[in-house]
1. Going through PHE209, PHE281, PHE243 one at a time, which residue ends up being touching a Phe, Trp or Tyr at 6+ places or on another chain (Cβ under 9 Å) and within 22 Å of TYR341 (Cβ to Cβ)?
2. Return yes or no: is ILE129 in contact (Cβ under 8 Å) with a residue 60 or more places away in the chain and either of a type outside the set (A, V, I, L, M, F, W, C) or under 19 Å from ILE362 (Cβ atoms) (or both)?
3. Show the residue pairs that are 6+ apart or on different chains and have beta-carbon atoms under 7 Å apart, the first residue being within segment 281-294 and in contact (Cβ under 8 Å) with a residue 40 or more places away in the chain and closer than 24 Å to SER57 by Cβ, the second being among the hydroxyl-bearing types (Ser, Thr, Tyr) and in a helix (DSSP H, G or I).
4. Mind checking which residues of segment 272-326 are in contact with a Gly (Cβ under 9 Å, 6 or more places away or on another chain), surrounded by 21 or more Cβ atoms within 10 Å (Cβ to Cβ) and either over 21 Å from THR128 (Cβ atoms) or of a type in the set (Lys, Arg) (or both)?
5. Mind checking which residues of segment 34-51 are under 22 Å from the mean Cα position of the chain (by Cα) and either among the acidic types (Asp, Glu) or more than 14 Å from PHE281 (Cβ to Cβ) (or both)?
6. If you go through segment 344-357 one residue at a time, how many are surrounded by fewer than 24 Cβ atoms within 10 Å (Cβ to Cβ) and either polar (S, T, N, Q) or in contact with a Gly (Cβ under 8 Å, 6 or more places away or on another chain) (or both)?
7. For segment 1-92, which helices (runs of 4 or more DSSP H) that fit wholly inside it have 3 or more residues that are exposed (fewer than 13 other Cβ atoms within 10 Å of the Cβ)?
8. From the list LEU197, LEU189, LEU203, pick out the single residue that is part of a helix (DSSP H, G or I), at pLDDT 95 or above and under 18 Å from PRO77 (Cα atoms).
Amino acid sequence: MTEHSIVFSFFLIFTGAAILASVALYTRQPLLVAYIVLGAILGPYGYQFISDTALLSDISHVGIIFLLFLLGLDMQPSHLIQMIKKATWVALGSSLIFLAAGYFATQLFGYTQTESLIIGAALMFSSTIIGIKLLPTTVLHHRHTGELVVGLLLLQDVIAILVLLFLYSSQNEESSAINLIKPLIALPLLVGGGFLLVKYIILKLIQRFDRFHEYIFLLAIGWCLGMAEGAQYIGLSAEMGAFVAGVALATSPISQYIATNLKPLRDFFLILFFFSVGASFNLGLVGQILIPSVLLAIIVVALKPVVFRLLLKTIKEDNSMSWEVGFRLGQISEFSLLIAYIAASSAMIGQEASHVIQATAILTFILSTYIVIFNFPSPIAVSDKLRRD
């Protein structure tokens, strides 16, 4: 298969996405489904128009970084700290329940102990992309429901980073204890450094040159990506660095101007992310993984709302809001895909187990998106009554 240029690949992706998105809107389907289907059609396991999905996946990662940065811009630090303290028990309790559910379910299909544990670990997390993209930015982010969703996702991200560090340390057994302790030291350093840089450098630059809109745009992107790279350098995730960068700027009046201007750039990269999810999936393994993947997807979509509802009730949250939070978190995560890739590349799990995780992720992305957009306020709801930007 001849390699096409990146420009031709972008032409296929965005022209195809525009066509399928039009069909999706006419038939009242979620746009995310259109992007994933397009990836499966054009990718190396479909018609092979685009074969270098690794490059697209790397590029699309920028969309997740911008998503977390924009989320941080909407979060007041005092509210966030209070919510994280309150939600810690819920995040830990739900993670253990889904680790056990995934482990016992996959044992029924004859997977090894290690494969079952890793599949169970992949089920612990909910998607930051789905959870936040389906939150109305002008409504729920400033209300209790949105803060609770975000707090739980952030706590899950911390747990996910620890799981990923464990997988990395299993590949290289030297200094594995240090690798696991390092994030606990690095996170306070990242937060403290971020707030100091904003206070003494970023805000002073903004105040001096706020008439130059192009400069504000460039400064915001540089700050976001700089913190993302800094976080990776000290052993955290780029997403966490971007979120801290956003929260550090959230108290400034310029934060909403930056958020508004970066949204189109975020959406550009997120389309690439969902395309790469569909394109990376080996359709030839569907027959082998269909039953376990469907079972796991049903467990996740059906059980997560119930588990979150019960756990949130223990911290005195009201019934309807607990259900809504549960449904909004009723899928597995992009971190789950990363767990699948790392574990397979280090031969901890086989290709079949890796694709079970990938298929479960895709199915839960699609199913939970349908549930949310038909029942709760979201920017891409098919009903005018529920559509909130």
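The values are calculated or read from the model by the stated rules, or taken from the named source; none is laboratory data. Bear in mind the structure is a predicted one, so any value in this text is a computation, not a measurement. Reconstructed Cβ throughout: ideal geometry from the backbone, glycine too, with neighbour counts over all protein chains shown.
1. Just a single option satisfies the conditions, and that option is PHE281.
2. Against the criterion (in contact (Cβ under 8 Å) with a residue 60 or more places away in the chain and either of a type outside the set (A, V, I, L, M, F, W, C) or under 19 Å from ILE362 (Cβ atoms) (or both)), ILE129 qualifies.
3. SER293/THR360
4. LYS304
5. Initial filter on segment 34-51 (under 22 Å from the mean Cα position of the chain (by Cα)): 34-40, 43.
Listed by number, the list holds a single entry, ALA34.
6. Count: 4.
7. Details: elements: 6-26, 31-42, 53-73.
Where helices (runs of 4 or more DSSP H) fall fully within segment 1-92 and carry at least 3 residues being exposed (fewer than 13 other Cβ atoms within 10 Å of the Cβ), they are 6-26.
8. When all the criteria are applied, what remains is LEU197.
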